[in-house]
Amino acid sequence: MPNRIKISRRKFIKVSIASVATGAIMASSLKEISAEPFSSERYAILFDGFACTGCELCQFGCKERNELPHDFETFLSPITWLYVSTGAHDGEQIRMRYSCMHCHEPKCVEVCPVGAATKSEKTDLVYIDPSICIGCQYCVVACPYEVPQFDPVHNVTRKCSGCYDLVEKGLEPACVQQCPWNALHFKKRDEIVKMAEDIAARNPGSYIYGLEERGGLNVIYVLPVDPVKAGLIPDIGKIYPVVPSPLLGIVSMIGIGLIKGALYWREKRIEAKT
């Protein structure tokens with residue numbers, strides 16, 4: 001019979017403490033996301049709910065650009081980063097675009113322990129680098145809009161990137177390029193806000209969403225109804241995590257440290273059996 005290695009509780013605790021200490025040091029380097037006012041260089045997408053026909057060409061453009069399977073799902077998933085739903089509220093037809101909101105104060109970036117979730121300093125768009133992502137799913141839990149989706153096949157989290165790489169080259173996001181109805185627009189954020197106000201002025205009783213939420217979103221909506229009251233968007237004021245992000249980061253990294261200690265102990269036991 002193979003010799004069984006003996007791991008004392010003291011040694012296990014030492015390994016765990018060392019891992020926790022490493023995690024704490026990493027967590028201490030986490031920074032709050034800047035909440036500085038928008039400058040003229042911030043960019044945003046405008047969704048005009050009055051102009052949208054629900055043709056889904058924006059979803060087609062997103063899938064083509066990101067080489068995603070052409071399964072036109074009506075929910076966000078690892079292979080569907082954008083979709084448009086058609087429904088009714090108080091007898092009025094409503095079309096709603098679902099994708100990343102590209103928050104100015106993105107919670108996904110705040111909680112990511114490895115820096116995979118990033119906010120572009122040039123455009124303010126938020127993306128996840130799959131080459132860095134470890135699949136911890138903290139962003140999945142933290143996002144108030146339930147946008148990031150875990151991909152179990154590749155063990156990473158995926159979402160709309162805002163086509164930040166195209167934008168940095170002076171091009172529009174793929175979804176905006178594909179829209180033939182002028183329901184989607186992409187410009188500097190102050191211009192988008194002005195466009196939204198003009199559309200709302202032409203449609204009495206309409207509602208603008210995204211001006212202030214999470215420090216101001218980089219996706220602005222003009223809709224016939226208040227999307228929160230209509231149940232189209234969650235009320236982030238009620239469900240948003242109240243744990244300060246640095247504390248959440250420290251707790252997360254301590255958890256990783258304990259897991260590392262447990263894995264070390266398990267690996268040693270397996271080695272003793274071989």
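Within the accessible area of region 98-199, what % is carbon and sulfur when the probe is 1.4 Å and the other protein chains stay in place?
The nonpolar share, carbon plus sulfur, comes to 50 percent.
Under a 1.4 Å probe, what is the accessible area of region 61-207 per residue, stated in Å²?
47 Å²
Could you tell me which GluC sites (Glu not before Pro) in region 77-169 are loop residues by DSSP with no more than 10 other beta carbons within 10 angstrom of their beta carbon?
The qualifying sites are Glu121.
Just want to confirm a number: the relative contact order over region 78-233, from Cα pairs under 8 angstrom separated by 6+ residues, in percent.
Across region 78-233, relative contact order equals 21 percent.
Run the reach check for Lys119 against aspartates and glutamates, Cα to Cα strictly under 16 Å, same-chain hits fewer than 8 apart removed. What comes back?
Glu32, Glu36, Glu41, Glu105, Glu110, Asp129, Asp165, Glu168
Choose one of Val167, Asn203, His154: the residue whose Cα lies farthest towards the positive end of the charge dipole of region 153-231 (beta-carbon charges +1 Lys, Arg; -1 Asp, Glu; about the Cα centre).
Selected residue: His154.
Could you tell me which of the pairs Lys122/Lys229; Lys188/Lys229; Lys63/Lys187 are separated by over 24 angstrom between their Cα atoms in the structure shown?
Lys122/Lys229; Lys188/Lys229
Can you give me the Cα centroid spacing of region 81-107 and region 158-229 in angstrom?
Centre-to-centre distance over Cα atoms comes out at 11 Å.
What is the gain in length, in nm to one decimal, between Ala88 and Glu191 on full extension, counting 0.36 nm per residue of separation less the C-alpha to C-alpha distance?
34.1 nm
For q = 0.09, 0.12 Å⁻¹, what log10 I(q)/I(0) does region 120-234 give under the Debye formula with an equal point scatterer on each alpha carbon and no solvent?
Debye curve over Cα of region 120-234, log10 I(q)/I(0) at q = 0.09, 0.12 Å⁻¹: -0.30, -0.54.
May I ask for the net charge around Tyr98, where only other residues with Cβ less than 13 Å from the Cβ of Tyr98 are counted and Lys, Arg are +1 while Asp, Glu are -1?
Its environment carries a net charge of 0.
Hey, with R₀ at 25 Å, roughly what FRET efficiency would Trp181 and Lys122 work out to, going by the Cβ-Cβ distance, to 0.05?
According to the calculation, E is roughly 0.30.
Which value, in Å to one decimal place, does the Kirkwood hydrodynamic radius take for region 38-189 when every pair of different Cα atoms is included?
Here the Kirkwood hydrodynamic radius works out to 15.9 Å.
With the Cα gyration tensor of region 33-112 in hand, convert its eigenvalues to equivalent ellipsoid semi-axes via √(5λ) and list them largest first in whole Å.
They are 25, 19, 13 Å, listed from largest to smallest.
The values are calculated or read from the model by the stated rules, or taken from the named source; none is laboratory data. The structure presented is a predicted model; accordingly, all values stated were derived computationally and were not measured. Glycine also receives a Cβ, built like all others from the backbone with ideal geometry; neighbour counts cover every protein chain displayed. Accessible surface areas use protein heavy atoms only, side chains included; no ligands, DNA or RNA. Shrake-Rupley method; radii C 1.70, N 1.55, O 1.52, S 1.80 Å.
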